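> Sharing a structure with you now.
Each value in this text was obtained by applying a stated rule to the coordinates, not by laboratory testing. The shown structure was predicted, so the numbers you read here are calculated from the model rather than taken from an experiment. Using ideal geometry, Cβ is built from the backbone for each residue, glycine included, and neighbour counts are taken over all protein chains shown.
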């Protein structure tokens, strides 16, 4: 009886070990599949973003070219606009011809070859992005506030004598002395 119980216990342990190994292998395979799937989705998203950037740069170049063409006088500014339009088109084409991985490798290579220039370009890009962000925020703040029903009329602030809001919005403050 004891020998049978030991043999049965060893059999159960062996089966459990085999099942655990199978579950571990399956989990490992599923993790690899999930990693590949995530990698593919990220690559697709990066490619889509890269195409959007290229399209935006191409549109900017087209606008600059159009401005330069419509200029009444041809001078330094129109020449600069033509050059900027041409370079924007070249950059857009360059972006379109590369996949995100190759683009990243080229940027890394450039950063290794010319670290000073890379840092300078990154700083200028940061300043430009910051200024664009500030101007967008300023435009949003300058736009008139609307009430909750979206009619375009300013929402009346809370009123009350002696409150900071009363001093800030005298047109909405009730005259309580009358």
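> Quickly work out the residue 96-to-residue 69 label distance, labels modelled 7 Å from Cα along the C-beta direction, and quote it in nm with one decimal.
The modelled label-to-label distance comes out at 1.6 nm.
> How long are the semi-axes of the ellipsoid equivalent to the range 39-107, from square roots of 5 times the Cα gyration tensor eigenvalues, in whole Å, largest first?
In descending order, the three semi-axes are 32, 11, 6 Å.
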